[in-house]
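Colleague: So that we are looking at the same thing, I have put the structure below in structure tokens.
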Amino acid sequence: MEQFLLASHGSLARAMKETAAFLLGANENVHCLCAYVDEASMNLEKMVGEWVTGRKPEEHWTVITDIFGGSVNNEFMKYTGDWRFNLVAGMSLPLVIALLNHPDAVDPDTIRAVLAQVRSSIVYCNDMVENQDLEDEDF
């Protein structure tokens, strides 16, 4: 069964899960890990270690962290060689929605394709408006 873990500094992961549920409906396969929000979450190494040891062998996981090179991502990086799970950094709502909506979201090639798609959705909108204004003036 496909499982997703959203992991972040602060409460971003929880907010992302709630927003995805608002848009897509509740999903029991989406979990969150929020680091540094209370005393229990200050020990990131322990939190991630408990997640690793608590996984069931038949589950397929994709972990999405907030920022590449951050402490949350780095802690999960320690386990990528020992445990089979996909690790993606750069959490965004388009990324989360695209992965949750994809029927084969744990396949590495699918994840790469989704990442390429999501990258193209990051847009500096002012350029679009300026280009639209130029096109409108042509008519």
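Colleague: Could you sort the peptides 81-92, 61-72 by per-residue average Cβ neighbour count (10 Å cutoff), highest mean leading?
Modeller: 61-72, 81-92
Colleague: Could you work out the helix-only [θ] at 222 nm for the chain, with each DSSP H run of four or more residues adding -39,500 (n - 2.57) and the total divided by the number of residues, to the nearest 500 deg cm²/dmol?
Modeller: Calculated from helices alone, the mean residue ellipticity at 222 nm is -14500 deg cm²/dmol.
Colleague: Right, next: Give me the mean projected area, in nm² to one decimal, of the convex hull enclosing the Cα positions of the chain.
Modeller: Its average projected convex-hull area is 10.5 nm².
Colleague: Also, quick follow-up: Starting from 0.36 nm per residue, how many nanometres of slack lie between His31 and Ser92 once their C-alpha separation is accounted for?
Modeller: Working it through step by step, the gained length comes to 20.4 nm.
Colleague: Suppose R0 equals 41 Å. What FRET efficiency, 1/(1 + (r/R0)^6) with r the Cβ-Cβ distance, do Thr53 and Ser120 give to the nearest 0.05?
Modeller: About 0.60, to the nearest 0.05.
Colleague: Hey, another quick one. With everything on Cα atoms, drop me the angle between helix 44-54 and the longest principal axis of the chain, reported from 0 to 90° to the nearest 10.
Modeller: It is inclined by approximately 70 degrees.
Colleague: Skipping prolines and chain starts, which residues have an amide H placed within reach, meaning under 5 Å, of the one on Leu5, given they are 5 or more residues away or on another chain?
Modeller: Here His31, Thr62, Val63, Ile64 satisfy the definition.
Colleague: Moving to a separate point now. Between helix 12-24 and the chain, what is the angle of the helix's C-alpha long axis to the longest principal axis, kept within 0 to 90° and rounded to the nearest 10?
Modeller: Taking the Cα atoms of the chain, the angle to 12-24 is about 60 degrees.
Quick note: the coordinates plus some simple rules give every number you see, no bench work behind them. Keep in mind that what you see is a predicted model, and the values were worked out from it rather than measured. FYI the Cβ positions are ideal-geometry reconstructions off the backbone, even for glycines, and counts take in every protein chain you see.
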